[in-house]
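Visitor: To start, I am sharing the structure in question, which I have written as structure tokens.
The values are calculated or read from the model by the stated rules, or taken from the named source; none is laboratory data. Because the structure is predicted, anything quoted here is derived from the model rather than measured. Note: ideal-geometry Cβ built from the backbone for every residue, glycine included; neighbour counts use all protein chains shown. Heavy atoms of the whole protein, side chains included, go into the accessibility calculation; ligands, DNA and RNA do not. Shrake-Rupley method; radii C 1.70, N 1.55, O 1.52, S 1.80 Å.
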Amino acid sequence: MYTAGLAAAGTPRLRKWPSKRRIPVSQPGMADPHQLFDDTSSAQSRGYGAQRAAGGLGYPASSTSSQAAFLADPVSNMAMAYGSSLAAQGKELVDKNIDRFIPVTKLKYYFAVDTVYVGKKLGLLIFPYLHQDWEVQYQQDTPVAPRFDVNAPDLYIPAMAFITYILVAGLALGTQDRFSPDLLGLQASSALAWLALEVLAILLSLYLVTINTDLTTIDLVAFLGYKYVGMISGVLMGLLFGKTGYYLVLGWFCISIFVFMIRTLRLKILAEAAAEGVPVRGARNQLRMYLTMAVAAAQPLLMYWLTFHLVR
């Protein structure tokens, strides 16, 4: 009967209610479930970003305490002190030996000139026939500065004349449509090579003849460098008036430099012979005179050799 009663009453129908999707509640710090990618901006702000903001340049800020500890380290202090002592010793060594390789103090003497001296020296190179006193003045066994004595050798005029000669040579080559950096460099190197060859030849001759003189290498460079003044004048006159002007002006300066070198070197070379008591007509004195004349005669030849191809 119980079974029949259940059958009569019927089974209760289950009513379907619409299913509700349960959305998980996002907890603080959890990502949104609807996002495809995780948002890491908050993590950066809490992690690496904080370090970047503290550093200011994208790197973590250095610890001040670690730097202070490094500076307080006795080993680092000892290394710094040792490095400072090495630098001081090196500076002292350079100051002591610099004059051995580069005679700075001597070069200062040869550049001690002024405008008045330069004007008088150029006049002496142009008109050496009018000059009478060729003796170099001394003060306490040392020659006076060039600005006080027109007979003293200097390096200012030879250096400026050499540079001007290279510029004038470039100008001459440019007016003839022959200018090129290689040709101008060849002109400068050949002039320097001839000057060095002259100096070496004179020093070797003085050594072979055993002549004691106070001529130094810098003195020879100064005396031999005066010929560039005549070379500049000759090339400029050649550009303005052609070959006629070139030969006239260069010929004048060739004679002038010959007289200048004779009267200058004669006091430097023959004066030592007189001090040694060598007879005027002695064999060694004759060698001194021949050497002086050879050096003076080489100047006009080199002046022509280094300039004749610049004038057409």
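Visitor: Can you tell me the order of 291-297, 228-234 when each peptide is scored by its average per-residue count of other Cβ atoms within 10 angstrom, highest first? Let's see the in-between values first.
Guide: Details: 291-297: 17.1, 228-234: 24.1.
Top to bottom by mean Cβ count within 10 Å: 228-234, 291-297.
Visitor: Which whole-angstrom value gives the distance between the alpha carbon centres of segment 107-168 and segment 214-247?
Guide: 15
Visitor: State the percentage of accessible surface on segment 153-308 attributable to carbon and sulfur atoms; use a 1.4 Å probe and exclude ligands, DNA and RNA.
Guide: On the way: 5580 of 7590 Å².
Answer for segment 153-308 is 73 percent, counting heavy atoms of protein chains only.
Visitor: So how do 173-185, 122-134 stack up, highest first, on mean other-Cβ count within 10 Å?
Guide: Numbers: 173-185: 11.6, 122-134: 13.5.
Highest to lowest by the protection proxy: 122-134, 173-185.
Visitor: Continuing with the same structure: Listed highest first by mean packing, meaning other Cβ atoms within 10 Å per residue, what order do 217-224, 201-208 come in?
Guide: On the way: 217-224: 19.1, 201-208: 13.5.
Per-residue mean Cβ counts within 10 Å order the peptides as 217-224, 201-208.
Visitor: Given a cut-off of under 8 Å on Cα pairs at least six residues apart, what relative contact order in percent is computed for segment 153-308? Don't jump to the answer; show the numbers that get you there.
Guide: Values: 132 pairs, mean separation 42.2, N = 156.
Relative CO of segment 153-308 lands at 27 percent.
Visitor: Over the Cα atoms of segment 153-308, Rg to Rh with Kirkwood Rh, two decimal places? The partial results should precede the final answer.
Guide: On the way: Rg = 17.3 Å, Rh = 16.6 Å.
Rg/Rh: 1.04.
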